[in-house]
Amino acid sequence: MSLRRFRIAFSFAGEKRDFVEKVADILANRFSEAVILYDKFYEAKFARSDLGILLPEFYHKESDLVVLVICKDYDGKEWCGLEWTAIHALIKERKVQDVMLCRFDHALIKGLYSTAGFVELDRKTSEEAAKLILERLADNEGHPKDHYTKPATTTAPILKTSIQHNLPTIQPFFGREDELKKIAEALDPENRGWGALIDGPGGMGKTSLAVRAAYGASPDHFKRIAFVSLKSRELDDDGVRDLSGFLISGLAELLNELARELGQADIAKATEDQRPRLLLDALRDTQTLLVLDNLESLTKPERGVLFTFVKKLPQGCKAILTARGRIGSGAEELILEKISQEAALATLAELANHNPHLAKTSEAERLVLYTQTGGKPLLLRWTAGQIGRGHCLTFTDALHFLRSCPEGNDPLEFIFGDLVQDFRAEETRALCALTYFTLPAKVEHVAEIAECAIEETDRALRSLSVRSLAVPNDESRTFTLVPLVADFLRKNKPEVIAETGDRLENRAYALVVENGYENFERFPVLDAAWPTVAAALPRFLAGPNDRLQTVCDALGNFLDFTGSWDEWFALSRDAEGRAVVAKDFLNAGWRACHVGFVHHLRGQSAEVHASADRAEAHWREAKTGARERATAIYLRGRGYYLAKDYVAAIKIFREAVELWRSLGRESEDVANGLNGLANAEMDSGDLAAAERDYREALRIAGAVDYREGVAFMTGNLAALALSRKDWPGAESLAREALSLTEKISRQELIAHDCYTLASALARQGRKAEALPHARRAVEICTRLGLPDFAAARAVLQECES
């Protein structure tokens, strides 16, 4: 067992976040989330090397295997550069086996040759990458290569009992140990109840659990087991099979069949109201266990009669009932939810013993299947059974087939069909609303889109959770939907889905327009409603281009200021593509600029240049004027600035400022251009020119009531004072800037101002006063992945020392 804190630690650049996150999730399922270091930079400790360089200790001492995922310019990013320093130190210490080198686009990194033994990731899926990592870890630990990737082989125990019975054979059974224990306790003669009721949605394994429990019943307690089922259909690998020719229909036939099983066929000749009493007489002193299956098909009055019957069972007799809903009380009630991950893997391993195609699948693939099927044993078995049949060679093929099954062979209809018919209107609306939410949704979010009262929606969601249709999170404060339930609803409730989608889109549009743009004080409203807005984004992207571009304009500042850069990037990128298709080249240019600005925030100079090129090309197509041309030039200047080519940056920024000034001497654009120019001048060492241009930019921002500009230009003047070692001046300006920035809630500027203020205070010997500001700067830099992290961390360590 590893004594280190992390089994596997990743180092990667922001643009590969999505890929690495998927790999990390697969590995977390295999081990645990706590021992996979992905995007937890802030949790790690730091060690100071002999050279005085800050090294992340989790790379140096705390990880069994470091997985380096490099892409173009990886080591040029400040955060990644810090990580690479530690990782390269491991390699130089001849601990090469502790580092797994991976890359995209054949990228290179300083300190390594191109022949260093990289794993090429360009055409690999996240599952394939996870498999290679697990093989490397196994090899490092001296295990066989497939130690972590070879699915376990499992043989289910053969069920048998010495009790006389007519129980059906069941498929291999795994898990449910707690439920079996509760049923055994309910069947104990010392228990005064009549037995156990197993309820839950279709496909959850109620019949299998009842039969398995009956096979496990003690011969000391029972001398006979009588099984009777009202099941009208069953699902096998070929689809839904009709059992109507063998169906026992209604309560009368159920009692008749039970009489035949007990050798009392004459009871069927009595009047219906006499049969329950005659059966109770026949059961006396027989020590019989009744297993009555699929009772949901009985009418409500029939259920009442049956419930009265089992409550009056003579001493020594017990019953196990199964139904898709509760039919009475006085028994141990077991509401079946999804099977455990371990039981699912054991089930698939046993099935793989008889299916060579299934045997070739990895554990990572099987865990994906478990998630997609919502842990429903019947769906899990059915989907696995498709592997190797027809065109289904992978789980992806089988899941696609499952979602597009023809009528008469639809497992989703078999499992969910009758449930949907029984839904209350509030439950249907709540489920249909959940199909749109990509993030866990609070009850109030669902209620608003479903047009139901919050209390009613809460009851509906909790009821749906009991039936394993909705998945509660955070102690039932938020909910998500089982993926295949969403597929079923889209197919079977299209009218409700469409109405719900229209409400969602209209509500989200109103939220965005009313609370976005420069309404900084209303950003908390958007933040609280973000799951609703995020759920509507796919509809905006698929809808009219004009409305989509309005949403982008309204959300830009909110996504920027709150540090939601991944969302801003994805929305702007996709909206750029939509605008091009619609030949809306004006908006396509602005979306390209916003993509470029996210790259700028992440410190990616080459990507900034590429975005500027696209924006310029779009605007050339649109035949726009000087403002757009200047904006593309300014963005290119940002790229030069990130690359530390300050001469080129100063030249480009001046060109942009002159173009903007040709449209008006004082504007937000001119203020921004002068601010960018001053940044380049300060970093080039020309502090006098920087102060001149900062102050002119600040004057213009004030004159045109540009609140955001006043805030960040004041913060830049504070940074300039810090460069001049004017500690009191830097402190005063940083406090003023922080107050202004907090009013507009722009997170990266708050981090910048906190860093400047902490630095100024520390230089004046006021470390205790500086400490909370340094901590806040590090927290924001960590959360947003800012390139300034190392500098902020250094100030924090200085304050803590």
Residue pairs qualifying under the 8 Å Cβ cut-off, at least six apart or on distinct chains, with the first in the stretch 384-395 being on the phi > 0 side of the Ramachandran plot and the second being of a type outside the set (F, W, Y) and open to solvent by 30 Å² or more (accessible area, probe 1.4 Å), are G388/P356; G388/H357
For E518: the one exception among (1) over 25 Å from K743 (Cα atoms); (2) open to solvent by 60 Å² or more (accessible area, probe 1.4 Å)
(1)
Could you grab the pairs with beta carbons closer than 9 Å, sequence gap of 6+ or different chains, first residue in the stretch 332-353 and under 15 Å from G374 (Cα atoms) and among the charged types (D, E, K, R), second one open to solvent by less than 10 Å² (accessible area, probe 1.4 Å) and at pLDDT 80 or above?
K338/A344
If you go through the stretch 532-548, how many residues are crowded, with 18+ Cβ neighbours inside 10 Å and touching a Lys or Arg at 6+ places or on another chain (Cβ under 8 Å)?
5
Given the conditions (1) under 26 Å from A791 (Cα atoms); (2) open to solvent by 20 Å² or more (accessible area, probe 1.4 Å); (3) at pLDDT 90 or above; (4) under 43 Å from the mean Cα position of the chain (by Cα), which single one is not true for F712?
(3)
Residue hits (the stretch 667-696; in a loop (DSSP other than H, G, I, E, B) and surrounded by fewer than 17 Cβ atoms within 10 Å (Cβ to Cβ)) are G685, D686
Extreme residue, farthest from the chain's Cα centre (by Cα), among residues of the stretch 633-656 that are under 18 Å from G76 (Cα atoms) and among the hydroxyl-bearing types (S, T, Y)
Y646
Tell me which residues, restricted to the stretch 85-107, are closer than 21 Å to D122 by Cβ and either among the β-branched types (V, I, T) or touching a residue at least 24 places away in the same chain (Cβ under 8 Å) (or both).
V99, M100, L101, C102, R103, F104, D105, A107
Going through V471, V496 one at a time, which residue ends up being open to solvent by 20 Å² or more (accessible area, probe 1.4 Å), outside any loop (DSSP other than H, G, I, E, B), among the β-branched types (V, I, T) and at pLDDT 80 or above?
V496
Would you confirm, using the coordinates I've provided, whether E253 is more than 18 Å from G195 (Cβ to Cβ) and at pLDDT below 90?
yes
Collect the residues in the stretch 634-649 that are surrounded by fewer than 22 Cβ atoms within 10 Å (Cβ to Cβ) and touching a residue at least 12 places away in the same chain (Cβ under 8 Å), keeping them in residue-number order.
Y640, A643, K644, Y646, V647
Return the pair list, or none, for Cβ contacts closer than 8 Å from residues in the stretch 492-520 that are farther than 15 Å from A535 by Cα to residues that are at pLDDT 90 or above and among the hydroxyl-bearing types (S, T, Y), at least 6 apart or on different chains.
V513/T550
If we keep just the residues of the stretch 1-25 that are open to solvent by 20 Å² or more (accessible area, probe 1.4 Å) and of a type in the set (A, V, I, L, M), which is modelled with the lowest pLDDT?
M1
So is A630 crowded, with 20+ Cβ neighbours inside 10 Å and in contact (Cβ under 8 Å) with a residue 12 or more places away in the chain or not?
yes
Can you find even one residue in the stretch 588-603 that is assigned to a helix (DSSP H, G or I), small (G, A, S), surrounded by fewer than 24 Cβ atoms within 10 Å (Cβ to Cβ) and touching a helix residue (DSSP H, G or I) at 6+ places or on another chain (Cβ under 9 Å)?
no
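Results for (1) over 34 Å from the mean Cα position of the chain (by Cα); (2) crowded, with 24+ Cβ neighbours inside 10 Å, shown as yes or no for each residue.
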| site | (1), (2) |
| --- | --- |
| G702 | yes, no |
| Y706 | yes, no |
| T741 | no, yes |
| Q747 | no, no |
| R775 | no, no |
| A794 | no, no |
| C799 | yes, no |
Counting only residues that are open to solvent by 30 Å² or more (accessible area, probe 1.4 Å) and modelled with pLDDT of 75 or more, the stretch 65-92 contains a total of 8
Could you say which residue among L784, L738, L733 is aliphatic (A, V, I, L, M) and either touching a residue at least 60 places away in the same chain (Cβ under 8 Å) or within 19 Å of R602 (Cα to Cα) (or both)?
L784
Would you please list the contacts, defined by Cβ atoms under 9 Å and residues six or more apart or on different chains, that run from a residue in the stretch 527-549 that is without any contact (Cβ under 8 Å) to a residue 24 or more places away in the chain and among the aliphatic types (A, V, I, L, M) to a residue that is open to solvent by less than 10 Å² (accessible area, probe 1.4 Å) and assigned to a helix (DSSP H, G or I)?
A542/L548
Subset of the stretch 169-209, residues closer than 30 Å to A349 by Cα, part of a loop (DSSP other than H, G, I, E, B) and small (G, A, S), comes to G175, G200, G202, G203, G205
Within the stretch 181-227, tally of residues that are hydrophobic (A, V, I, L, M, F, W, C), closer than 21 Å to L255 by Cβ and surrounded by fewer than 21 Cβ atoms within 10 Å (Cβ to Cβ):
0
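The values are calculated or read from the model by the stated rules, or taken from the named source; none is laboratory data. Quick caveat, the model's predicted, so the values are computed rather than measured. As a convention, Cβ positions derive from the backbone with ideal geometry for all residues, glycine included, and neighbour counts pool all protein chains shown. Heavy atoms of the whole protein, side chains included, go into the accessibility calculation; ligands, DNA and RNA do not. Shrake-Rupley method; radii C 1.70, N 1.55, O 1.52, S 1.80 Å.
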